[in-house]
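Asks: Quick one: the structure is below, questions incoming.
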Amino acid sequence: MTYPARFTFDDLLDQPGARRLRLIVVLLCAVVTTLDGFDLQSIALVAPAIAGEWGLKASSFGVVFGVGQLGSLIGALLLGRLSDRFGRRRILLVSVAVFAVSSLATALVSTVAGLIALRLLTGIGLVGALPSAIALTSEYTPRRSRGAVIGLMFCGYPFGGVLAGVLSAPLIPAFGWASVFVVGGVLPLLLLPVLWRSLPESAQFLTVVGDRVGLEAVLRRMGSRIDATQIRAEPMPDRSPVARLFTEGRAPGTLLLWVTTFMALVMAYLLTNWLPLVTGAAGAGASSSALAVATLNIGIIVGCLALGRMADKLRPTAVLGAAFVLGAAAVAALGYVGSHVGALVLLTFAAGFGGIGAQMCMVSVCAGFYETSLRTTGLGATMAAGRIGGIVGPVLGGLLIGAGASAPAVFGAAAGAGLCAAAAVVVLGLVIRDPRLPPPAVPPPAVPPLTPGASDIARGTPAR
C-alpha cells in the first residue's frame, strides 16, 4: 500500500528508536576524525627522526608538508562531490581505506620521493573522509542540537593530535619512526569492518535518489513504522552541483564561507606549525613549548563544545565572529609573553578556544547553509578553500621567520588573518537568514480602495 508523502527524515529523528542510531553515527564519525587527526599530526612528529636517520636537512620537509596539504585540497574537492553522487557511507569507507593503506606503506618507504607520493595519497584520504562524516552527523542530528553535536564530533581532530603526541613519545625511541605510521594504518583498518557493519547511509540521500529498499532498512533500524513512501523526497538537481553553489542566491554566502574558512586556517596552521619554534626562540623552554601545544589543543576541544552549544542557542555567525576576535587577540598577545609560562598557557588556551574552536564550528554553519543535495559538495568546496589557507599559513610563517621577523610580527600576522575571518563571518550573518527563525510571513494582498460609487454600492445605498 502506498501512503501520501507527508514526513521529512528530520521529523523522525526525535523518535525513541532513532536515538541509538543517532549515537552510533556520531560516535563512528568521531572515531574517523580522531584517526584523521592522529595521522595528520604523525608526519610532523616523526620528521626529526626521519631527518636524523636519512641525513636530511629540516628544510627538506617543506615539500613533504606542503604536498600533504595539496592532497587534502584534492580530497576535499573530489571526494566531497563524489559523496553527493554515490553516497556518504560509500565514499567514507573508501577514504578511510586510502589513508589506512597509505599510512602503512609510509612505514616501508626509504626515499623522499616515495614519502612525498604517499603523503599526497594520505592527504586525499584524510580530508576526503571529512565531508561525508560531517554530512552524516548533520543529517542524523536534530536541528536544535546540530551545532553542538558536529562540534563534539569534530573534537576528534585535536584529540587525535594529542593521541599522536602521547603515543609517538615512547614508540619512536623503542621501535623507530615507522611504528607511528603502523599504528596510524592498523587502527583505521580495524575500524573498517565496524563502519561497514554499523554505519548507515544518509537517509536523506536515499530519499533523494529514490532508494526505497535502503531507506526502509534505515527506518527499521530506527524502529519506525513509517513507510518509506511517506518520506518526502527532495528533487535531484539537473545542473552541476558545483555550479549550483553560485546560483539561486547562494553566491554571496558561498564566497563568504570560503573567505572565512581560508583566513581561519591561515591563522590556525601558522599558529600550530610555528608555535613551538617561535615561543622557544622568545625564551620559553622546550617543556613550556610542549605545554603550550597541549593547552592549545585542550582549548580547541573546549571551544568546539562550548561554541557549538552557544551557536545553537544564539545567532551562530555572531557567536563565531566574537570567538574569532577573542582568538585573534590572544594570538597577537602571544608575541609578548617571552618566558612567562603562566601567560603562555592562558593565551594558548584562549587562542585554541576562540580562534581554532570557532574555525572548527564553521562546518556546522556551512552544513546548514546548503540543502541535502548540495551539502557535501558545499562542505568539500569550503574545506578546499580552507586547505589553501592551510598551505599559505605555514609558508607565510616560514617567510617571516626567514626574513628575521620577531615573535610579535609572526603572531601579529596570524592575528590579522583571524580578524579577517571574524569580519567575513559577521558579514555572512547579514546576508543569510538565521535558520532558527521562522520564515518571514507573507503579507496579504493589498485591497484596492473602492471608488465613491462602489463604496455606496457595497453599503447597499444608491450612488449619488
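Asks: Only residues that are in contact (Cβ under 8 Å) with a residue 60 or more places away in the chain, over 23 Å from Cys361 (Cβ atoms) and open to solvent by 10 Å² or more (accessible area, probe 1.4 Å): list them for segment 380-412, please.
Replies: Val395, Leu396, Gly398, Ile401, Ser406, Ala407, Pro408, Ala409, Gly412
Asks: Give the residue that is modelled with the highest pLDDT, with candidates limited to residues of segment 1-54 that are open to solvent by less than 20 Å² (accessible area, probe 1.4 Å) and farther than 23 Å from Val194 by Cα.
Replies: So, considering only residues that are open to solvent by less than 20 Å² (accessible area, probe 1.4 Å) and farther than 23 Å from Val194 by Cα, the one modelled with the highest pLDDT is Ile50.
Residues checked against (1) more than 24 Å from Ala381 (Cβ to Cβ); (2) hydrophobic (A, V, I, L, M, F, W, C); (3) within 16 Å of the chain's Cα centre (by Cα); (4) open to solvent by less than 30 Å² (accessible area, probe 1.4 Å):
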residue	(1), (2), (3), (4)
Pro131	no, no, yes, yes
Ala135	no, yes, yes, yes
Tyr140	no, no, no, yes
Phe159	yes, yes, yes, no
Leu171	yes, yes, no, no
Thr207	no, no, no, yes
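Asks: Same structure again: Condition check: open to solvent by 10 Å² or more (accessible area, probe 1.4 Å), at pLDDT 80 or above, in a helix (DSSP H, G or I) and closer than 22 Å to Cys155 by Cα. Does Val319 satisfy that?
Replies: yes
Asks: Take Ser145 and tell me if it is surrounded by fewer than 18 Cβ atoms within 10 Å (Cβ to Cβ) and either touching a strand residue (DSSP E or B) at 6+ places or on another chain (Cβ under 8 Å) or closer than 18 Å to Arg20 by Cα (or both).
Replies: Numbers: surrounded by fewer than 18 Cβ atoms within 10 Å (Cβ to Cβ): yes; either touching a strand residue (DSSP E or B) at 6+ places or on another chain (Cβ under 8 Å) or closer than 18 Å to Arg20 by Cα (or both): yes.
Spelling it out, Ser145 is indeed surrounded by fewer than 18 Cβ atoms within 10 Å (Cβ to Cβ) and either touching a strand residue (DSSP E or B) at 6+ places or on another chain (Cβ under 8 Å) or closer than 18 Å to Arg20 by Cα (or both).
Asks: Would you mind stating whether Arg197 is open to solvent by 30 Å² or more (accessible area, probe 1.4 Å) and at pLDDT below 80?
Replies: no
Asks: May I ask you to verify whether Leu115 is out of contact with any Pro (no Cβ under 9 Å at 6 or more places or on another chain) and of a type in the set (A, V, I, L, M)?
Replies: yes
Asks: Moving on. Taking only pairs six or more apart or across chains, which ones have beta-carbon atoms under 6 Å, a first residue in segment 166-192 that is in contact (Cβ under 8 Å) with a residue 12 or more places away in the chain, and a second residue that is not in a helix (DSSP H, G or I)?
Replies: The qualifying pairs are Ala178/Ala107; Phe181/Ala107; Val182/Ala107.
Asks: In the set Gly368, Gly357, which member is under 17 Å from the mean Cα position of the chain (by Cα) and open to solvent by 30 Å² or more (accessible area, probe 1.4 Å)?
Replies: Numbers: Gly357 fails: open to solvent by 30 Å² or more (accessible area, probe 1.4 Å).
So the residue among Gly368, Gly357 that is under 17 Å from the mean Cα position of the chain (by Cα) and open to solvent by 30 Å² or more (accessible area, probe 1.4 Å) is Gly368.
Every residue, every condition in (1) modelled with pLDDT under 85; (2) surrounded by fewer than 18 Cβ atoms within 10 Å (Cβ to Cβ); (3) more than 17 Å from the chain's Cα centre (by Cα), yes or no:
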{"residue": "Ala292", "(1), (2), (3)": "yes, no, yes"}
{"residue": "Leu296", "(1), (2), (3)": "yes, no, yes"}
{"residue": "Leu314", "(1), (2), (3)": "yes, yes, yes"}
{"residue": "Ala343", "(1), (2), (3)": "no, yes, yes"}
{"residue": "Leu346", "(1), (2), (3)": "no, yes, yes"}
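Asks: Can you tell me which condition Asp434 does not meet? The list is (1) modelled with pLDDT of 75 or more; (2) open to solvent by less than 90 Å² (accessible area, probe 1.4 Å); (3) under 25 Å from the mean Cα position of the chain (by Cα), and all the others hold.
Replies: With (1) modelled with pLDDT of 75 or more; (2) open to solvent by less than 90 Å² (accessible area, probe 1.4 Å); (3) under 25 Å from the mean Cα position of the chain (by Cα) applied to Asp434, the lone miss is (1).
Asks: A further question on this structure: Can Ile24 be described as in contact (Cβ under 8 Å) with a residue 40 or more places away in the chain and farther than 14 Å from Thr122 by Cβ?
Replies: yes
Asks: Of the residues Leu396, Leu374, only one is farther than 20 Å from Val331 by Cβ and in a helix (DSSP H, G or I); which?
Replies: Exactly one of Leu396, Leu374 is farther than 20 Å from Val331 by Cβ and in a helix (DSSP H, G or I), namely Leu374.
Asks: If a residue must be over 17 Å from the mean Cα position of the chain (by Cα), basic (Lys, Arg) and under 19 Å from Leu245 (Cα atoms), how many such residues does segment 63-95 contain?
Replies: 1
Asks: Follow-up. Any residue in segment 152-173 that is of a type in the set (A, V, I, L, M, F, W, C) and in a loop (DSSP other than H, G, I, E, B)?
Replies: yes
The values are calculated or read from the model by the stated rules, or taken from the named source; none is laboratory data. Fair warning: this is a prediction, and the values are worked out from it, not measured in the lab. As a convention, Cβ positions derive from the backbone with ideal geometry for all residues, glycine included, and neighbour counts pool all protein chains shown. All accessible areas refer to the heavy atoms of the entire protein, side chains included, with ligands and DNA or RNA removed. Shrake-Rupley method; radii C 1.70, N 1.55, O 1.52, S 1.80 Å.
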